[in-house]
1. Which pairs turn up if I take residues in the stretch 205-217 that are open to solvent by 60 Å² or more (accessible area, probe 1.4 Å) and look for partners that are not in a helix (DSSP H, G or I) with beta carbon separation below 6 Å, at least 6 apart in sequence or on another chain?
2. Quick one: how many residues across the stretch 491-526 are open to solvent by 70 Å² or more (accessible area, probe 1.4 Å) and either modelled with pLDDT of 95 or more or outside the structural domain of Ala376 (by the TED database) (or both)?
3. Gly421 - would you say it is within 29 Å of Leu458 (Cβ to Cβ) and in contact with a Leu (Cβ under 9 Å, 6 or more places away or on another chain)?
4. Check Cys571 against each of (1) in a loop (DSSP other than H, G, I, E, B); (2) open to solvent by 50 Å² or more (accessible area, probe 1.4 Å) and name the one condition it does not meet.
5. Mind checking which pairs have a first residue in the stretch 275-293 that is farther than 17 Å from Arg254 by Cα and a second that is open to solvent by 30 Å² or more (accessible area, probe 1.4 Å), Cβ under 6 Å, 6 or more apart or different chains?
6. Tell me the residue from Gln145, Gln133 that is at pLDDT 95 or above, surrounded by fewer than 23 Cβ atoms within 10 Å (Cβ to Cβ) and in the same structural domain as Thr269 (by the TED database), please.
7. Please determine whether any residue of the stretch 522-531 is touching a residue at least 60 places away in the same chain (Cβ under 8 Å), on the phi < 0 side of the Ramachandran plot and not in a strand (DSSP E or B).
8. If you check Ser297 against the conditions, is it part of a loop (DSSP other than H, G, I, E, B) and either open to solvent by less than 10 Å² (accessible area, probe 1.4 Å) or touching an Asp or Glu at 6+ places or on another chain (Cβ under 6 Å) (or both)?
Amino acid sequence: ASFPLLCFRSPLVTPLIFGLLLQAPFTQPSTITRPNFVLLLADDLGIGDVGCYGNDTIRTPNIDRLAKEGVKLTQHIAAAPLCTPSRAAFLTGRYPLRSGMDAVNNYRVIFWNAGSGGLPPNETTFAKILQHQGYSTGLIGKWHQGVNCESHNDHCHHPLKHGFDYFYGMPFTLISDCQPTETPEMDRAFRRKLWLSTQVIGLITLTAVLGRLTGLISVHWKTLTCLAGFSLLFFISWFSSYGFVRYWNCIMMRNHEITEQPMVTDRTTSLILKESISFIERNKHKPFLLFLSFLHSHTPLLTTEKFLGKSRHGLYGDNVEEMDWMVGQVLDIIDKEGLKDTTLVYFASDHGGWLERQEGKRQLGGWNGMYKGGKAMGGWEGGIRVPGIFRWPGVLPAGTVIDEPTSLMDIYPTVVHLAGGAVPQDRVVDGRDLLPLLRGAVAHSEHEFLFHYCGVHLHAARWHQKDTGAVWKAHYVTPIFSPPGAGACYDRGFCPCFGEGVTHHEPPLLFELSQDPSEARPLSADTEPLFDTVIRRIGRAIEEHRRTLTPVPEQLSVSNVVWKPWLQPCCGTFPFCWCDKEGDD
């Protein structure tokens with residue numbers, strides 16, 4: 001069989017054969033055509049909830065198939081441990097405090113559709129750049145980056161103002177308040193205080209009135225009228241917002257139009273899947289970007305009848321298995337339309353699982369495997385280490401596992417460069433192009449340092465010492481677990497970033513993650529000869545990083561997150577906001 005080749009060999013052919021033998025087994029970047037992008041982002045999914053990351057009881061065959069056919073990242077890090085800041089970093093490739101999307105207070109996410117904070121209009125998302133590159137761009141599912149600035153329909157923070165041609169989903173986030181049968185979740189502790197204050201004020205007013213009527217207390221009726229008026233105004237001031245959370249926050253939109261207010265949760269999953277498949281089918285003949293931002297696996301864990309009771313981990317496991325099925329449906333339509341080899345698929349979670357989310361004995365939050373901590377904890381691995389999987393047949397080597405530090409912020413330059421665009425040069429972009437690492441062209445991540453924030457407070461930093469392979473991580477602030485030793489802040493529901501609920505460490509806690517990924521054995525100058533050297537090097541990196549930060553407006557300030565009735569999206573005449581246009585259809 002080799003005879004014709006030997007006979008055909010010539011001075012021109014020999015160099016050609018030699019060059020082909022030396023060529024990398026996958027297509028060189030210069031010849032890569034612009035792919036489609038399908039970005040799949042789960043909500044509150046723990047790294048320990050996925051089969052290919054070690055879970056052997058929750059069934060995730062479709063996510064596992066992505067890993068088998070692509071590249072699995074084992075040290076994929078979210079830029080923040082909560083939804084709003086993490087997603088802002090994902091969309092912009094920048095630490096969220098650069099855009100004002102991380103909090104100085106305890107309001108660490110967008111709290112209302114009628115708040116004025118959100119992803120600033122001057123931020124450039126990867127969707128906006130791809131839109132300019134001729135891509136059709138769509139966002140299906142969760143947004144949680146704000147809606148309005150000054151009026152109920154200016155939509156200054158809306159997805160369509162940030163580079164998406166099409167949007168269907170929730171401008172807010174799924175919460176238990178959206179399900180009438182569930183216990184309210186939003187600002188639960190604060191609401192209890194408001195109820196208690198209302199009852200105390202009401203009781204004082206009633207006592208004063210009864211005292212006046214019985215002659216036991218000498219109080220002018222004018223004073224009593226003012227007291228009663230104050231009681232009523234106090235009640236209205238908070239109940240007008242917190243009493244109608246389901247109507248104000250649990251809405252669905254198609255582009256700029258509200259389609260459901262409140263949302264009909266029984267059909268939400270099927271509509272999101274239907275919209276995702278429809279977007280791919282509509283745009284299959286041109287380059288497209290689909291950002292499918294799942295509502296799974298955030299409480300109240302909306303799960304259809306088909307999956308209820310099918311997993312070994314209660315409602316949470318049912319919900320994760322349904323999300324995996326949805327991933328499979330999207331992959332199937334990509335295959336059916338002949339787009340598999342021209343589509344880069346990415347799967348991740350926005351941050352770690354929510355350990356404290358329980359109702360009675362029911363665990364409604366995720367599992368973060370061997371990693372300490374979870375959602376809301378800015379430093380511990382369990383809050384920020386997430387699944388990260390890429391698939392692009394013929395370009396990325398199948399079945400590859402990479403244990404280099406990478407970030408959700410890296411999606412930004414990776415997608416932009418593959419689409420033929422340019423990363424903005426007028427601002428700091430913290431993400432790095434992952435393609436060389438994913439293809440095996442380089443051995444190490446470009447990230448030497450990653451900084452781990454809780455709100456605007458730096459809690460930890462990691463140093464990837466490339467010459468030795470060590471990954472050092474220094475903790476400057478850690479939350480105080482409650483009860484002690486529990487591994488989470490069960491008494492609070494969330495671990496705080498500052499104040500009495502945290503411990504400051506001097507010297508910092510130091511771990512070597514390649515040897516101790518569970519962060520169980522802190523090192524010291526007595527046990528680690530390089531302790532002082534490592535702490536000094538990380539300290540210098542933090543100083544250099546802080547010099548790149550510039551003051552920006554705080555999008556999550558109290559004045560921006562508070563409910564403002566004049567900003568409330570409404571499909572009727574406020575306050576009569578009710579519609580079901582999907583049902584009408």
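1. Between residues of the stretch 205-217 that are open to solvent by 60 Å² or more (accessible area, probe 1.4 Å) and residues that are not in a helix (DSSP H, G or I), the close pairs are Arg212/Val219.
2. 9
3. Spelling it out, it is not the case that Gly421 is within 29 Å of Leu458 (Cβ to Cβ) and in contact with a Leu (Cβ under 9 Å, 6 or more places away or on another chain).
4. Only one criterion in (1) in a loop (DSSP other than H, G, I, E, B); (2) open to solvent by 50 Å² or more (accessible area, probe 1.4 Å) is unmet by Cys571, namely (2).
5. Hits for this filter: Lys284/Glu337; Pro287/Arg34.
6. Going through Gln145, Gln133 in turn, just one is at pLDDT 95 or above, surrounded by fewer than 23 Cβ atoms within 10 Å (Cβ to Cβ) and in the same structural domain as Thr269 (by the TED database): Gln133.
7. So far as the stretch 522-531 goes, no, none of its residues is touching a residue at least 60 places away in the same chain (Cβ under 8 Å), on the phi < 0 side of the Ramachandran plot and not in a strand (DSSP E or B).
8. Yes; evaluated as a whole, the condition is true for this residue.
The values are calculated or read from the model by the stated rules, or taken from the named source; none is laboratory data. For clarity, every value in this text was computed on a predicted model and none was experimentally measured. Reconstructed Cβ throughout: ideal geometry from the backbone, glycine too, with neighbour counts over all protein chains shown. Only protein heavy atoms, including side chains, enter the accessible area calculation; ligands, DNA and RNA are left aside. Shrake-Rupley method; radii C 1.70, N 1.55, O 1.52, S 1.80 Å.
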